[in-house]
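Participant: Quick one: structure below, then a few questions.
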């Protein structure tokens with residue numbers, strides 16, 4: 001009986017580690033999507049940094065306030081479609097705020113597991129290069 005319990009504990013620990021590693025891989029891929037998105041939008045480094053920071057602030061605040069959307073994106077919807085469906089008008093006077101909101105929204109819908117969204121923002125932040133964001 002002791003052996004069975006021990007084996008079950010080891011298996012649970014292994015499964016938890018596998019899940020954690022899978023989340024890290026997903027976050028790394030998501031971070032690269034963020035970098036590609038910033039590059040596609042032709043955003044200079046200072047804007048990209050501000051937008052990444054603002055998206056994180058919005059996600060954290062919504063998580064704390066319990067105001068994250070209650071619905072997920074439809075299963076199987078490609079990331080590009082999620083991004084395009086959530087795009088808003090980009091008024092010049094609130095450029096960073098509007099991009100930050102857009103980024104936070106599509107990150108949430110694409111990656112409803114908050115830890116993956118936060119880790120993806122960390123990946124994007126860590127990979128900023130030169131005068132803009134670059135995809136490796």
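Laboratory data are not the source of any read-out in this text; all were calculated from the coordinates shown. All figures in this text were calculated on a predicted structure; none of them were measured in a lab. FYI the Cβ positions are ideal-geometry reconstructions off the backbone, even for glycines, and counts take in every protein chain you see.
Participant: Given R₀ = 30 Å, FRET efficiency for residue 39-residue 64 by Cβ-Cβ distance, to 0.05?
Facilitator: On the way: r = 31 Å, r/R0 = 1.03.
That pair, residue 39 with residue 64, gives E of 0.45.
Participant: For a quick size check, give me the Cα extents of the stretch 25-133 along its three principal axes, largest first, whole Å.
Facilitator: So the three principal-axis extents are 36, 33, 26 Å.
Participant: Contact order normalised by length for the stretch 25-133, with contacts defined as Cα pairs under 8 Å and 6 or more residues apart; what percent is it?
Facilitator: Details: 105 pairs, mean separation 57.7, N = 109.
Computed value for the stretch 25-133: 53 percent relative contact order.
Participant: Right, something else. Assuming R0 = 22 Å, what is the FRET efficiency of residue 53 and residue 127, from their Cβ-Cβ distance, to the nearest 0.05?
Facilitator: So, using R0 = 22 Å, E works out to roughly 0.90.
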